[in-house]
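Reviewing the structure listed below.
The values are calculated or read from the model by the stated rules, or taken from the named source; none is laboratory data. Nothing here was measured: the structure is a model prediction, and the numbers come from that model. No Cβ is skipped: glycine too gets one built from the backbone with ideal geometry, and neighbour counts run over all protein chains shown. Heavy atoms of the whole protein, side chains included, go into the accessibility calculation; ligands, DNA and RNA do not. Shrake-Rupley method; radii C 1.70, N 1.55, O 1.52, S 1.80 Å.
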Amino acid sequence: AALALCRGRVLDAGAGAGCHSLVLQEQGVSVTAIDIAPEAVMVMRRRGVRDARCADILHFQGGPFETILLMMNGIGVVGDLAGLDRFLADVPRLLAPQGQILLDSYDPTGTGESAAGAGHAAWTSTGRYLGEMRFRLEYRGAKGPTLSWLFLDSNLLTERARHAGFSCEVIWQEEEGHYLARLTRTAPEAPRQPWGQAVRLPSARISPPAGASRDGGEEASGEAAPEGGWSWISKAARPSRTRAERWALTAAALRR
């Protein structure tokens, strides 16, 4: 399903032995395959991957690409949730304006629920997300380094992606929690204004019209603006204007 969604120039990140890249090449797709293991790059080249490079996506210089492919839980290379946030902030440099990221991962609880829906099951007693894992590979007595890897549920991915300016579409999800998702760029989410915090507007001084008074007495009423700016509305007109209309008049006056 993921390969059928690829379009334009493709970056196959964490390509391994190059199985996905080879399929895309056969379909006439322009694909660059990268892997951090030199041995994997050597295997890809021997198998016929035309553009295979030794690199990791966190430091790769190239692009822009219309599709970034992170299959076999390739997003796990970010290590933890903080690493995911850094990746989402940095990866736009590799993407074309209408580019997409295709990735798969697993719900670490195995329930298919979000971290919130799974309750405490998704978090350890120390507050660590259950999908932030560490492991080490061993083969015939040879031990590799300890690696950090991330598995995350689709709802948590959607939430983190939204904050970074991406929309997340879950293409499919299996009952045990394995899913395929597509990220596309949107406008970054604006920081929320805390309740009760004043927002400073440009100041303006507006002279009251004839027959109006600044103190809101018999003749007129005024809507206060920052730094001593005032908007004046005749008292006779007040009954026919809503509060929203009065604020609109104030804003229009401040812009002049």
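Some notes on this structure:
- Annotation for Thr184 and Arg128: the two label points, set 7 Å from Cα along the Cα-Cβ direction, are 3.7 nm apart.
- Per residue value of the accessible surface for the range 1-84 (all protein chains in place, 1.4 Å probe), Å²: 46
- Compactness index (Cα Rg / 2.2 N^0.38 Å), the range 1-46: 1.09
- Highest to lowest packing among 164-175, 72-83, 14-25, 47-58, scored as the average C-beta count within 10 Å: 14-25, 72-83, 47-58, 164-175
- Per residue, the convex hull around the alpha carbon atoms of the range 1-122 comes to 118 Å³.
- Other residues whose C-beta falls under 15 angstrom from the C-beta of Met42 contribute a net charge of +2, scoring Lys and Arg +1 and Asp and Glu -1.
- Length-normalised contact order for the range 50-167 - Cα pairs under 8 Å, 6+ apart - percent: 28
- Projected label points at Gln61 and Ser167, each 7 Å from Cα along the beta carbon direction, are separated by 3.4 nanometres.
- Phi angles across the range 85-91 convert, under the Karplus curve 6.51 cos²θ - 1.76 cosθ + 1.60 with θ = phi - 60°, into 3J(HN,Hα) values of 4, 5, 4, 5, 6, 9, 5 Hz, Gly and Pro given as x.
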